[in-house]
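S.K.: Dropping the structure in here first, questions after.
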Amino acid sequence: MVRVGRVVGDRGVPEGKSIGDMGATIELAQALQLELSWQLAADGRATVQMRGELDIATADQAYAYLRDVVDSQRGPVTIDLAELTFCDAAGLGVLARVAGHAGRSGRSVTLTAVRPTLLRIMRITGMDEAFPELRGPSMGLIAWPRQPTLPAAN
């Protein structure tokens, strides 16, 4: 069995081997870490689906992909985070940069299905200002787990 460490063009390269500088190199672990896809609805709204981890390893590719989707659309773009399992500071930076790029281009980007933990971080850091839909009443309250109460000592 040959373990593939990276993909060059359409060929797998065994770990520790080199093909030279031909073709783009994509780490397999990185390529499988985040999946991005988008579709255009009949009403002109584009929706991007994110699945996996948006982190420092995937940030540059994710930003380029999202920027290209925003640039290719005349209508609003929605980023669905329902299947986003992890987002670090670099991932938050991607979302902020995409929002800024869309605003400068006269377009809009909204987020949907933001997990409560990510929403909390976005509020703490002030990133929710870039996404007004996160400040609406539907996202206003987060149900935090109740703390157990102990009976009073006698």
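S.K.: Mind ranking 106-117, 52-63 by how tightly packed they are, going by the mean number of other C-beta atoms within 10 angstrom, highest first?
M.R.: Highest to lowest by the protection proxy: 52-63, 106-117.
S.K.: Mind sorting F131, F86 by how few other Cβ atoms lie within 10 Å of their own Cβ, fewest first?
M.R.: Starting with the residue having the fewest Cβ neighbours, the order is F86, F131.
S.K.: Further, regarding this structure: Rank the residues I79, I121 as a footprinting-exposure proxy: fewest other Cβ atoms within 10 Å of their Cβ go first.
M.R.: I121, I79
S.K.: Given a cut-off of under 8 Å on Cα pairs at least six residues apart, what relative contact order in percent is computed for the range 34-135?
M.R.: Over the range 34-135, the number comes to 26 percent.
S.K.: Explain nothing, just the number: dipole magnitude of the range 34-135 about its Cα centre with +1 on each Lys and Arg Cβ and -1 on each Asp and Glu Cβ, in debye rounded to the nearest 20.
M.R.: Roughly 340 debye for the range 34-135.
S.K.: Counting DSSP beta bridges in the range 34-135, what percent are antiparallel, to the nearest 5?
M.R.: Taking every DSSP beta bridge within the range 34-135, about 35 percent pair in antiparallel fashion.
S.K.: Mind ranking 34-43, 93-102 by how tightly packed they are, going by the mean number of other C-beta atoms within 10 angstrom, highest first?
M.R.: The packing order, highest mean first, is 93-102, 34-43.
Every number in this text was worked out from the coordinates using simple rules, so none of it is lab data. Please read these numbers as outputs of a predicted model, since none were measured by experiment. Methodologically, a virtual Cβ is constructed for each residue, glycine included, from the backbone with ideal geometry; neighbour enumeration extends over all protein chains shown.
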